[in-house]
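Take a look at the structure below.
The values are calculated or read from the model by the stated rules, or taken from the named source; none is laboratory data. Here the structure is a predicted model, which is why all the values come from computation and not from measurement. Glycine also receives a Cβ, built like all others from the backbone with ideal geometry; neighbour counts cover every protein chain displayed. Just the protein is used for accessible areas: all its heavy atoms, side chains included, with ligands, DNA and RNA removed. Shrake-Rupley method; radii C 1.70, N 1.55, O 1.52, S 1.80 Å.
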Amino acid sequence: MGTGSKVFYAIGTFLALMAVFYILATSWIGEDAYLFGIEWIGSVGLVLAAVFSFMLAGYLNITERRMDIVPEDWEEAEIEDGAGVLGFFSPGSIWPFAMSMSIGVLGLGIAFWQLWLLAIGAVLLIGTTAMLNLQYGIPREKH
C-alpha cells in the first residue's frame, strides 16, 4: 500500500470516528431541538467526508498497485531520484486569467440571477476553455 492511500485511509478513519462522536454528542445534548435528537447537517457532512476519503483511498490503493515503485515509497530515496520532466507548463498564457474572469462573470450572473449575464459568462467560459486547450494546437500566425 502506497503513501497516498495510507494518508487517505487515516483521514477517513479519523473522520468516521469524529462522525460517530459528533452524532452521539448531538443526540445527547439536543434532544428537544432536532429530529430524533441528531444535528443533521454536521452529521451528514462528516459521514460524507469520511466516505469520500475512503473512496479516494481505495482509488489510490488500486492505482498504486498497478504502478512501479515510485521514489516516494523508498525508504532510502534521495531527492534526485524523483527528478525528471514533470510536464509542460505554459510560461505566458493569458487564457487562465481569461477563464477566471469568465467564471467571475458567470458567478455574478448566478448571484444576481441575471440570465443574460449567466449566458454571457457561459459563452465566455466555453470560449476561453477551448482556447486554453487549443493554444498550442493552432499555428502562431492564426492567433
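Expressed as a whole percent, the proportion of Cα-Cα pairs in segment 39-78 lying more than 15 Å apart is 60%.
Exposed loop sites are taken as chymotrypsin sites (Phe, Trp or Tyr not before Pro) in a DSSP loop (any state but H, G, I, E or B) with at most 12 other beta carbon atoms within 10 Å; the longest stretch of the chain without one runs 1-73.
What's the carbon and sulfur percent of the chain's accessible surface, probe 1.4 angstrom, rounded to a whole number? Summing carbon and sulfur atoms, their accessible area is 72 percent of the total for the chain. Give the label of the value calculated from the structure for Rg and Dmax of the Cα atoms in Å, choosing from [x] 14.5, 43; [y] 15.0, 49; [z] 23.6, 71. Computed from these coordinates, Rg and Dmax of the Cα atoms in Å corresponds to label [z].
Per-residue ellipticity at 222 nm from helix content only, as computed over the chain with -39500 (n - 2.57) for each DSSP H run of at least four residues, stands at -22500 deg cm²/dmol.
Mean sequence separation of contacting Cα pairs (under 8 Å, at least six apart), scaled by the length of segment 3-69, corresponds to a relative contact order of 47 percent. Whole-Hz Karplus values for segment 67-84 come out as 8, 6, 5, 9, x, 5, 9, 7, 7, 9, 6, 9, 5, 6, 5, x, 6, x Hz, taken residue by residue from phi with 6.51 cos²θ - 1.76 cosθ + 1.60 and θ = phi - 60°; glycine and proline positions read x. Of all segments of the chain bounded by GluC sites (Glu not before Pro) found in a DSSP loop with no more than 10 other C-beta atoms within 10 Å, the longest spans 1-74. Across all directions, the average projected area of the convex hull around the alpha carbons of segment 3-69 is 4.3 nm².
Mean sequence separation of contacting Cα pairs (under 8 Å, at least six apart), scaled by the length of the chain, corresponds to a relative contact order of 20 percent. Assign one of three labels to segment 71-143, namely rounded, prolate or oblate, based on the Cα gyration tensor with a ≥ b ≥ c the square roots of its eigenvalues; rounded applies when a/c is under 1.5, prolate when it is not and a/b is larger than b/c, and oblate otherwise. Oblate is the answer for segment 71-143, as a/c is 1.5 or above yet b/c matches or exceeds a/b.
Accessible surface calculations at 1.4 Å, restricted to protein heavy atoms, place the chain at 77 Å² per residue.
Residues of segment 120-135 with amide nitrogen under 15 Å from the 7 Å Cα-to-Cβ point of Phe88? Backbone N within reach: 132-135.
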